[in-house]
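The values are calculated or read from the model by the stated rules, or taken from the named source; none is laboratory data. In this text, all values refer to a predicted model and were calculated from it rather than measured experimentally. Surface areas here come from the heavy atoms of the whole protein model, side chains and all, with no ligands, DNA or RNA. Shrake-Rupley method; radii C 1.70, N 1.55, O 1.52, S 1.80 Å.
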Amino acid sequence: MATSSGSDEPKKSRFRRGRGEAGASKAPGRSSQFKQVFETTRANDPALIPWMVGAFALVFLVFLAIGFGFGHPIYFGILGLLFGLLAAMVVLARRANTAIYKSISGQPGASAAAMSSLRRGWFVEQEPVGADMGRSRQVKDLSSAAMVYRAVGKPGVVLVAEGPKGGATRLLAQESKRTTRVLGPEVPVHTIRVGTDDEAVPVERLTKDMQKLPKVLTDDESGKVTKRLRALGGLKPGVPAGVDPNKARVNRAAMRGR
């Protein structure tokens, strides 16, 4: 004769628990991502809401005026509402990009994070090709470190330095001479220093300035230049002992609002 258990409570299913845990770890949806991007941008850009409201109102009023002119204010008003929301989203996207760059300005690895957004045709080294720790020798303290990053594209070789002005300028000169000795004068070598002073380029303007450089190489030539520089690892000044280049990079997922 079968006996029943002393407890009448139903047993929890292992499979149900697994599904619940999987659901709890699901990636955030579009609405939560939009909210995160909006809040992050608003925290770094107080003028965000006025710009979004202004863009929406301008587009909506233009469509509404056209609707009254053609005798269909309701139809054109609905179109104005939709296109007004679209205009507000475009403003948010553009100002979010600028706000995020400004939020990482001055941080170690900000240049590499900005250069990672370059389009196809660029070969970007994610690790610094040269570094000067200055007086600090602590791995966790990179505030006084000068670093040089390298990108190769149709304009040639672009060396980007960040950090204290003196150390960054010296590193740019050293790396520029090394690169020219390896590649010869046929390949242009451009130098850019990222910073907040008058003589430097702001990080939010870095990729735009790089894209404006005159194009002299083909895609095939820039690929060969990259392979040659990477093959000559001995000529590339290494990062000082104890410095982890991965810690000198900015989380690029945060730049996309994820």
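Probe 1.4 Å, all protein chains in place: accessible area of HIS190 in Å², nearest 10?
In the full protein context, HIS190 sits at about 40 Å².
Consider all pairwise Cα distances in the range 151-220 and report the whole-number % of them above 19 Å.
Result: 36 percent of Cα pairs exceed 19 Å.
In the structure displayed, which of LYS35/LYS224; LYS102/LYS154; LYS35/LYS212; LYS35/LYS154; LYS102/LYS212 lie more than 32 Å apart, Cα to Cα?
LYS35/LYS224; LYS35/LYS212; LYS35/LYS154
So what's the Cα pair-distance distribution over the range 47-169, bin width 10 Å, in %?
12, 26, 20, 16, 14, 9, 3, 0
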